[in-house]
1. Kindly provide the set of residues from segment 21-33 that are more than 7 Å from the ligand (Cβ to nearest atom) and buried (at least 20 other Cβ atoms within 10 Å of the Cβ), ordered by number.
2. What about W431, is it crowded, with 24+ Cβ neighbours inside 10 Å, of a type in the set (F, W, Y) and within 16 Å of the ligand (Cβ to nearest atom)?
3. Among the residues of segment 260-283 satisfying the criterion of being outside any strand (DSSP E or B) and basic (K, R), which is nearest to the chain's Cα centre (by Cα)?
4. I'm trying to understand the selection: among the residues of segment 354-403, which are within 30 Å of M194 (Cα to Cα) and touching a helix residue (DSSP H, G or I) at 6+ places or on another chain (Cβ under 7 Å)?
5. So A89 ticks every box in (1) part of a strand (DSSP E or B); (2) within 12 Å of the ligand (Cβ to nearest atom) but one. Which box is left unticked?
6. Considering only residues of segment 387-423 that are within 26 Å of R358 (Cα to Cα) and near the ligand (Cβ under 10 Å from one of its atoms), which is surrounded by the fewest Cβ atoms within 10 Å (Cβ to Cβ)?
7. Mind checking which residues of segment 41-77 are β-branched (V, I, T), under 25 Å from W276 (Cα atoms) and surrounded by 21 or more Cβ atoms within 10 Å (Cβ to Cβ)?
8. Among the listed residues F106, F96, F39, F78, which satisfies the condition of being modelled with pLDDT of 95 or more, under 23 Å from the mean Cα position of the chain (by Cα), of a type outside the set (S, T, Y) and away from the ligand (no atom under 16 Å from the Cβ)?
Amino acid sequence: MSEPRASDQLRPLAVVGGGLAGMAAALALAERGHKVELFEQNQCLGGRVGSFRDALTGERIDRCMHVGLGCCTRLLEFIRRTGVEDRFAKHRRLNFIGPAGEVCRFQPWPWLPAPLHLVPGLARLRYLGPRDRLGIARGMLRLGRLAPGRPSGARTIAGWLRAEGQSEAAIDRFWSVLLVSALGETVQRAGLAMARKVVLDGFLRSRRGCELFLPKVPLGEIFDRPMNDRLRQLGVEVHLGTRARAIEISAGRCRAIVLSGGKRRRIGGLVVAVPWRQISRLFSPRQRPLLSPDWKADRLEPAAITAVHLWFDRAITSLPHAVLVGRTSQWMFRPLAKPSPTPHGGHYIQIVISASHRLAAQPRGRLVERVCDELASIWPAARQARLLHHRVVTEREAVFSVTPESDSFRPAPRIAVPNIVLAGDWTDTGWPATMEGAIRSGWQAGLSLD
Ligand SMILES: Cc1cc2nc3c(=O)[nH]c(=O)nc-3n(C[C@H](O)[C@H](O)[C@H](O)COP(=O)(O)OP(=O)(O)OC[C@H]3O[C@@H](n4cnc5c(N)ncnc54)[C@H](O)[C@@H]3O)c2cc1C
């Protein structure tokens with residue numbers, strides 16, 4: 001019934017979606033010698049990892065800064081393989097800014113074995129009392145030792161931390177700070193298992209796990225043109241501005257896709273690398289049972305991330321990045337060391353706020369005011385600085401929310417149609433919605449599609 005026909009093998013394999021998952025799938029397929037066509041509805045590659053040109057300053061800025069960590073091994077391999085590694089800067093030190101504005105440099109010690117390498121860094125978080133710091137070290141070890149999948153009573157990470165006797169100060173000023181940005185969700189809602197993974201991979205398993213990899217240029221200059229060039233070099237046909245509208249399945253196999261404009265492309269196999277909320281547009285109601293009789297991905301909830309882009313008339317800090325503790329602003333990035341050359345530009349910084357759904361009702365102007373007040377309370381130069389221009393970008397469906405249930409809603413990549421594989425950060429990768437998860441899923445899809 002579902003045997004491949006000889007003609008299937010001569011037809012190209014299609015990848016729908018040109019985000020990281022789709023690009024990784026196309027790369028894996030092309031490297032295995034397949035003829036590949038990639039279809040992306042936008043005019044650029046990268047999906048959620050992208051930049052835009054600010055109308056006033058003319059500068060290309062990221063919709064939101066994307067941070068890679070040392071534990072994101074597939075991401076690092078991907079950027080090496082595609083020749084864009086030099087567009088990232090590695091930072092060994094995390095600059096925590098305590099509630100009174102004190103800078104606490106958290107740097108794992110390279111000559112101590114994991115997890116002892118964390119001790120000097122934790123000791124430097126002076127805004128926490130010694131008991132809290134000791135409690136955090138103990139909590140990290142206990143979290144790492146929890147058997148995966150073993151019910152612990154608590155389902156959310158906040159529930160577990162409280163049951164472990166972590167103080168509210170430690171939860172607010174350490175655990176929340178760390179986990180909200182890594183998971184894109186508040187500790188009150190985030191599941192215990194995914195929080196455990198972040199702590200294990202990022203902090204306990206290796207001395208390198210929490211190194212930061214920050215882009216030195218706008219994300220579009222990393223993941224759009226260079227990736228397009230690399231894929232084309234490998235023979236991949238990249239179709240930008242081309243939306244897949246429907247999938248044709250007959251005799252148990254995918255035979256074709258229908259593209260925007262009604263054109264039909266016959267294909268030998270398909271990687272579907274679109275976000276979870278777009279799946280139901282591609283698979284008709286009649287085809288949906290083929291995804292899985294028990295399809296639950298519709299139950300994944302979105303979580304928002306907000307980036308506040310600010311241009312000041314002077315430099316307000318020399319730090320390239322900072323973790324802002326106990327404030328609405330969570331991370332500060334200063335990706336461009338130099339001021340913008342344009343008359344409206346100035347000194348650019350970006351503030352990132354994860355799990356920002358709770359701010360949705362707040363007018364943008366008030367959010368900008370609050371962020372600027374927070375910066376002024378940290379850096380004296382910000383008190384004198386004039387804000388030349390600002391933009392607030394909120395991605396309401398930035399990531400899926402890693403609730404205690406979310407893992408049970410994430411589908412396996414294989415579906416009932418043998419020559420279709422699903423990919424994307426929302427599939428069952430074992431990772432939260434990250435570049436690493438997307439690349440892992442895409443790469444695996446590319447290796448498993450026949
Ligand atoms: C604001 C924000 C901040 C983030 N910060 C970080 C971070 O710091 N670190 C980190 O690791 N991760 C971060 N992430 C998460 C990361 O961006 C995603 O996990 C990852 O990019 C997802 O890649 P993907 O390929 O699975 O999906 P996407 O990037 O969404 O790609 C899917 C692609 O499919 C295309 N598409 C959809 N339907 C069709 C169709 N019918 N036909 C053709 N094309 C179609 C879309 O246009 C899109 O390009 C952040 C995300 C956001 C939004």
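1. M23, A24, A25, A26, L27, A28, L29, A30 - these are the residues of segment 21-33 that are more than 7 Å from the ligand (Cβ to nearest atom) and buried (at least 20 other Cβ atoms within 10 Å of the Cβ).
2. So W431 fails the test.
3. R277
4. Hits for segment 354-403 are S354, A355, L359, L367, V392, T394, E397, F400, V402.
5. Status for A89: all satisfied but (2).
6. We begin by selecting, within segment 387-423, every residue within 26 Å of R358 (Cα to Cα); these are 387, 389-410.
This time we only want the ones that are near the ligand (Cβ under 10 Å from one of its atoms), so: 393-400.
Details: V393: 16, T394: 19, E395: 16, R396: 12, E397: 15, A398: 21, V399: 24, F400: 25.
The residue in question is R396.
7. Quick first cut of segment 41-77, residues β-branched (V, I, T) only: 49, 57, 61, 67, 73.
Then drop every residue that is not under 25 Å from W276 (Cα atoms), which leaves 49, 67, 73.
Passing the criteria: only V49.
8. From the options F106, F96, F39, F78, the qualifying one is F96.
The values are calculated or read from the model by the stated rules, or taken from the named source; none is laboratory data. Treat the numbers as computed from the prediction; the structure is a model and nothing was measured. When we count neighbours, we look across all protein chains shown, and the Cβ atoms used for this are built from the backbone with ideal geometry, even at glycine.
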